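Single-structure report; data block below.
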Amino acid sequence: MSEPPLRLAAVERRFRTEAGELPVLQGADLALGAGEIVALVAPSGTGKSTLLHLAGLLERPDGGEVFVEGRAAGTLSDDARTAIRRTTIGFVYQFHHLLPEFTAEENILLPQMAAGKPRAEARARAHDLLAAFGLAGREHHRPGRLSGGEQQRVAIARALANRPRILLADEPTGNLDVGTSDRVFGELLNAVRNHGVAALIATHNPDLAARMDRVVTLREGRVVPA
C-alpha cells in the first residue's frame, strides 16, 4: 500500500510562556489520502493553526514526525523543507495575501517561476487556472480591482499552481459572504477531486464541513473525529 500524501504521527508542540510550557498538541495523529478533503473544526485556541503550520512544514514539532509522501520531514534541512513546500504543498489563507502590485496572472506565475518553471509554461498554467476558476478576462487585474471572492479564487489558483499533492487551508472562506463562500468552496472541491490532492481545511462553517469527506477536531491536543 502506498504512503498517504500527508501523515502526522504522534506530533507534539509546546510553547514557552511566562507561566511555563504550554502544551498545544500532544500526540496528534492524522493521515490524508489522495483526493480526500478533510474538515478541521475546533474552537479557537485549540491548535488548528499550529497543526496546519506543522503539516505545512512551517514549524517543526517538538515530538513525533510529519511525513510528506512517506518522507520524514523533521530532520530535513531548512532548504529541503522549503523545496517541499514549493513543489508539494499549497496554502490558502483566510486573507488572500496576494501581492497588490502584481496582476492576478503574475501572482500565480511567480511561485511557479520560483520552482524553476519556464515563464511561458508558467503563464499558460496561470491562464488555465484562472479560466477554471471563472476568472478568464481578469488576468491583468491587480487585486485592488477584484472582488473579495475573485481575490480568494486567485489565491486558491496560486496555491494549486505547482500541482501540489497537499493543500492546506486556514478558514479560506471565512471572510466571504454566504453565496461567494459556497462558490469558492465548490471550485476548491472540484480542484481537489480532479487532481487527487489531499486537502485539510480549517473552518468554522458547519455547512461547508458537512460537504467534506470527514470532519475532525482537536481535543486535549489530539486529532479525533468530530
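The smallest convex shape that holds all Cα atoms of region 1-60, its convex hull, gives 92 Å³ per residue. Shown are Asp170, Asp128, whose ranking by accessible area with a 1.4 Å probe and every protein chain present, most to least, is Asp128, Asp170. In region 1-55, if the dipole is taken from +1 on Lys/Arg beta carbons and -1 on Asp/Glu beta carbons about the Cα centre, which of Leu6, Leu32, Pro43 is farthest to the positive end? Of Leu6, Leu32, Pro43, it is Pro43.
As a fraction of the 1.4 Å probe accessible area of the chain, surface on carbon and sulfur atoms comes out at 50 percent.
What percentages make up the Cα-Cα pair-distance distribution of the chain when the bins are 5 Å wide from 0? Pairs per bin, as whole percents: 1, 7, 15, 18, 19, 16, 12, 7, 3, 1, 0. With a cut-off of 8 Å between alpha carbons and a minimum separation of six or more residues, what is the relative contact order of the chain in percent? Dividing the mean separation by the residue count of the chain yields 31 percent. In the chain, taking the dipole from charged Cβ atoms about the Cα centre, the farthest positive-side position among Ala131, Val154, Gly20 is held by Ala131. Based on the Kirkwood radius over alpha-carbon pairs, what value in µm²/s does the Stokes-Einstein equation return for the translational diffusion coefficient of region 104-226 at 25 °C and 0.890 mPa s? For the chosen part, D equals 160 µm²/s. The eigenvalues of the Cα gyration tensor, multiplied by 5 and square-rooted, give region 28-130 an equivalent ellipsoid with semi-axes of 28, 18, 13 Å from largest to smallest. Note on exposure: Arg193, Arg138 ranked by accessible area (1.4 Å probe, complete protein assembly) read Arg193, Arg138, with the most exposed listed first. For region 53-74 and region 151-226, what is the centre-to-centre distance using only Cα atoms, to the nearest Å? Spelled out, the Cα-based centre of one part sits 20 Å from the other.
The residues of the chain have, on average, 47 Å² of accessible surface per residue, using a 1.4 Å probe with all protein chains present.
The values are calculated or read from the model by the stated rules, or taken from the named source; none is laboratory data. Being a predicted model, the structure only gives us computed values, none of them experimental. Cβ sites come from the backbone with ideal geometry, for glycine too, and all protein chains shown count toward neighbours. For accessibility, only protein heavy atoms count, side chains too; no ligands or nucleic acids. Shrake-Rupley method; radii C 1.70, N 1.55, O 1.52, S 1.80 Å.
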